[in-house]
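The values are calculated or read from the model by the stated rules, or taken from the named source; none is laboratory data. Note that the coordinates shown come from a computational prediction; the quantities given were computed from them, not determined experimentally. Every residue, glycine as well, gets a Cβ built from its backbone with ideal geometry; the counts of neighbours run over all protein chains shown. Ligands, DNA and RNA are excluded from the accessible area calculation, which covers all protein heavy atoms including side chains. Shrake-Rupley method; radii C 1.70, N 1.55, O 1.52, S 1.80 Å.
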Amino acid sequence: MRKKHADAIAEGVAIALAAARLIVKNHILVDTIAGGENFEPDAFDAVAREAIDTLAKESEKGARRLKKMQRAAFGRYSLSDGTHDYRDRDVKNLRQRRKHSEQVAARLRAMVDDEAAVRELVESSREAAWIDVANNLQNRLRVEAMRPDADPDYEQMREARMQALVMVDLQNLEAQAKKKKDHAKQ
């Protein structure tokens with residue numbers, strides 16, 4: 001396989017794995033943070049396999065679509081009417097794109113059964129989830145801990161913050177105190 005084709009396939013696999021990583025990362029965030037579960041890598045193997053399989057199917061579907069476009073373009077020599085109105089001169093390019101899609105799908109299919117590849121995807125997704133959590137915490141701490149002298153909009157936003165304090169924060173605090181009091185009575 002020529003370097004150009006190998007690079008195109010590697011890029012397609014990398015893009016698919018980035019999408020799979022996002023899917024798995026979101027599951028990790030929802031299950032562990034929102035759901036209050038502990039992170040267990042084995043619990044996300046099935047999610048990773050399903051994500052890879054779904055992306056392999058998409059690549060196969062793309063290859064079938066390209067094959068139809070290739071057949072439709074064969075023998076058409078008139079001027080095209082637009083970007084996706086292919087002609088005979090486009091057949092070679094469409095065939096190459098189809099082969100790339102097929103090979104990306106084949107590599108993804110191989111990964112579904114590769115324990116190490118699945119575990120690597122889960123681990124990289126966990127790292128991405130942790131980075132999201134860390135960044136979110138840093139941003140919240142930066143905003144919530146900002147001093148008035150460091151905030152150029154402090155005076156302008158003070159009234160809105162005070163209203164939020166009274167309407168949201170104090171009511172939440174009161175509800176929590178009542179809940180503790182009721183719980184202590186039991």
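Screening LYS185 on (1) in contact with a helix residue (DSSP H, G or I) (Cβ under 7 Å, 6 or more places away or on another chain); (2) open to solvent by 80 Å² or more (accessible area, probe 1.4 Å); (3) not small (Gly, Ala, Ser) shows it passes everything except condition (1).
You will find that of MET111, MET167, the residue that is within 30 Å of ILE33 (Cα to Cα) and either open to solvent by less than 90 Å² (accessible area, probe 1.4 Å) or in contact with a strand residue (DSSP E or B) (Cβ under 6 Å, 6 or more places away or on another chain) (or both) is MET111 and no other. Inclusion of TYR154 among residues that are among the hydroxyl-bearing types (Ser, Thr, Tyr), more than 18 Å from VAL24 (Cα to Cα) and modelled with pLDDT of 75 or more is not warranted. Considering the stretch 73-108 alone, what residues qualify as being of a type in the set (A, V, I, L, M), more than 30 Å from ALA51 (Cα to Cα) and open to solvent by less than 80 Å² (accessible area, probe 1.4 Å)? Matches in the stretch 73-108: ALA73, VAL91.
Name the single residue, out of those in the stretch 14-30 being β-branched (Val, Ile, Thr) and either part of a loop (DSSP other than H, G, I, E, B) or open to solvent by 70 Å² or more (accessible area, probe 1.4 Å) (or both), that is nearest to SER125 (Cα to Cα).
Taking the candidates together, the pick is VAL30.
In the condition set (1) in contact (Cβ under 8 Å) with a residue 12 or more places away in the chain; (2) farther than 30 Å from ASN38 by Cβ, GLU159 is compliant with all but (1). Just the residues that are touching a Ser or Thr at 6+ places or on another chain (Cβ under 8 Å) and open to solvent by 100 Å² or more (accessible area, probe 1.4 Å), please, taken from the stretch 31-72. Once the filter is applied, which keeps residues that are touching a Ser or Thr at 6+ places or on another chain (Cβ under 8 Å) and open to solvent by 100 Å² or more (accessible area, probe 1.4 Å), the stretch 31-72 yields only ASN38.
Would you call ILE28 within 13 Å of the chain's Cα centre (by Cα) and not small (Gly, Ala, Ser)? So ILE28 fits the description; yes.
Determine, yes or no, whether GLU11 is without any contact (Cβ under 8 Å) to a residue 40 or more places away in the chain, closer than 22 Å to ALA117 by Cα, acidic (Asp, Glu) and open to solvent by 60 Å² or more (accessible area, probe 1.4 Å).
yes
For ALA110, the conditions (1) of a type in the set (Gly, Ala, Ser); (2) in contact (Cβ under 8 Å) with a residue 24 or more places away in the chain; (3) within 20 Å of LEU121 (Cα to Cα) are fulfilled apart from (2).
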